[in-house]
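Visitor: Sharing a structure below in structure tokens format, with a few things to ask.
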Amino acid sequence: NDDYENQKLIAGKMEIVATSLKLLTGVSRWAVVLSGIASVWNINNELEAIESTEKQMRERQRMADGIRDVAEKIREVCSRSPYCK
């Protein structure tokens, strides 16, 4: 009778361990999924930051081109004007 009780206790403990392992496996799977989602989110944020930087660089280049155009026009006008010499 004691052997039967011990076997029941051991079986119950083994079931608890098996259930715990299943839960841990499920948790670790979700951890992998969430980690993947976080990675995709981080990559997306990085891409947005790169796009933003590219836009800023294009805008600065446009401004520099505009300043260069104005400077060329001033030089052109001054080259024909006696007041600039």
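Visitor: Can you tell me how much longer the chain between Ala71 and Arg29 gets when fully stretched, taken as 0.36 nm per residue apart minus their C-alpha distance, in nm with one decimal? Don't jump to the answer; show the numbers that get you there.
Guide: Values: separation 42, 0.36 × 42 = 15.12 nm, distance 6.25 nm.
My answer for the length gained is 8.9 nm.
Visitor: In sequence order, what are the phi-derived ³J(HN,Hα) couplings for region 64-77 according to the Karplus relation 6.51 cos²θ - 1.76 cosθ + 1.60 with θ = phi - 60°, rounded to whole Hz, with x for glycine and proline?
Guide: Those phi angles translate into 4, 4, x, 5, 4, 4, 5, 4, 5, 5, 4, 4, 4, 5 Hz.
Visitor: So for the chain, what are the equivalent ellipsoid semi-axes in whole Å, largest first, each being the square root of 5 times an eigenvalue of the Cα gyration tensor? Each step should come with its number before you reach the end.
Guide: Details: eigenvalues 1291, 8, 3 Å².
Taking √(5λ) for each Cα gyration eigenvalue gives 80, 6, 4 Å.
Visitor: If you look for lysine pairs in the chain that are eight or more places apart or on different chains, how many of them have Cα atoms under 28 Å apart?
Guide: Working: Lys8/Lys22; Lys13/Lys22; Lys55/Lys73; Lys73/Lys85.
Total qualifying Lys-Lys pairs in the chain comes to 4.
Visitor: Now a separate question. Sorted from fewest to most neighbouring beta carbons within 10 Å, what does the list Asp65, Asp2 look like?
Guide: Numbers: Asp65 10, Asp2 6.
The order, fewest Cβ neighbours first, is Asp2, Asp65.
No lab work stands behind these numbers, since they all come straight from the coordinates. Everything quoted here is computed from the prediction, not taken from an experiment. Counting neighbours? That spans all protein chains shown, and the Cβs are built from the backbone with ideal geometry, glycine included.
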